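Here the structure comes first, spelled out in structure tokens, and everything after it is commentary.
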Amino acid sequence: MTITDHTPTADTAPPAHPAYAPAPSIPRLLTELVQEEFFTRYATVRGDTEAFHPDYITDRKRTALLLRAVIADLVALADAADTHHAAQAAAAANALRRVDWLMPLPAEAARTWLRGQYEQHTEDDDPHPPNCPGGCQGSGWVIEPVIWQNDGIPVHAEPVTCLRGADDDPHAADCTGCHGTGKQYDAERSEYTLCSAYTPDPAYEPTPARHPDGPWSSAAGGYSDEPPF
């Protein structure tokens, strides 16, 4: 009876620290690369640059450089003895660093940095499309009011994260800052601002429903303590 030794040797054992875990598929990377370049080329050919936010175009170009560099790195990893492909992968990684306004690194350090950038890329959310229903044109940001006057007129707007057209979840009625409106009153400035965080009030008790013709209804000539918007 012959006993076969299945102990992995230096040639068959997997690397202790793989460069990519898991290793991406080159055909898939090529497909993603084409997708990243589509909108930038489309805008150039059609001249429809107004429909594309500059941040979106810049991000698409950077991602295309990232994918090209990762493909070159995977080709170099397939044959560790091929110094030519290794040099090309390092050059592609440093090209990406130049886009980020970073100094070039030695070959191995640049490729290690590249792998970290790709890992971060796979963890990030998908970019918003140029026709994003939230109106950000692919930038991921929109300008929205954050401070209102007592009469509900907005007086100050800032860039906020685009929600792709979906309304943000309102705070519950037991929030001590806004009581469910999502906005809180600044007494010093006599203005309403966005409620920063949902803070539940343990002593909160729901207000009993009042008769529609009760003293608090507008139909009865009363008044309301609700915000003016």
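For D126, the conditions (1) at pLDDT 80 or above; (2) open to solvent by 100 Å² or more (accessible area, probe 1.4 Å) all hold with the exception of (1). Scan the range 164-175 and give yes if some residue there is in contact (Cβ under 8 Å) with a residue 40 or more places away in the chain, open to solvent by less than 50 Å² (accessible area, probe 1.4 Å) and assigned to a loop (DSSP other than H, G, I, E, B), otherwise no. No, the conditions are met nowhere in the range 164-175. Cβ-Cβ distances below 8 Å connect the following pairs, each with a first residue in the range 110-139 that is farther than 25 Å from G165 by Cβ, a second residue that is of a type in the set (D, E, K, R), and a separation of six or more residues or different chains: A110/R97; R111/D73; W113/R97; L114/D73; R115/D73. Checked against (1) surrounded by 12 or more Cβ atoms within 10 Å (Cβ to Cβ); (2) of a type in the set (F, W, Y); (3) free of Cβ contacts under 8 Å to residues at least 60 places away in the same chain, W101 passes all but a single condition, namely (1).
Among the residues of the range 191-206, those identified as more than 31 Å from the chain's Cα centre (by Cα) and either of a type in the set (A, V, I, L, M) or at pLDDT 75 or above (or both) are D201, P202, A203, Y204, E205.
Residue count for the range 51-84, restricted to those that are more than 27 Å from C136 (Cα to Cα), open to solvent by less than 60 Å² (accessible area, probe 1.4 Å), of a type outside the set (A, V, I, L, M) and in a helix (DSSP H, G or I): 1.
The values are calculated or read from the model by the stated rules, or taken from the named source; none is laboratory data. Worth saying up front: this structure is predicted, and the values here are computed from it rather than measured. Here Cβ is always computed from backbone atoms with ideal geometry, including for glycine, and neighbour counts include all displayed protein chains. Keep in mind that these areas ignore ligands, DNA and RNA; they rest on the heavy atoms of the full protein, side chains included. Shrake-Rupley method; radii C 1.70, N 1.55, O 1.52, S 1.80 Å.
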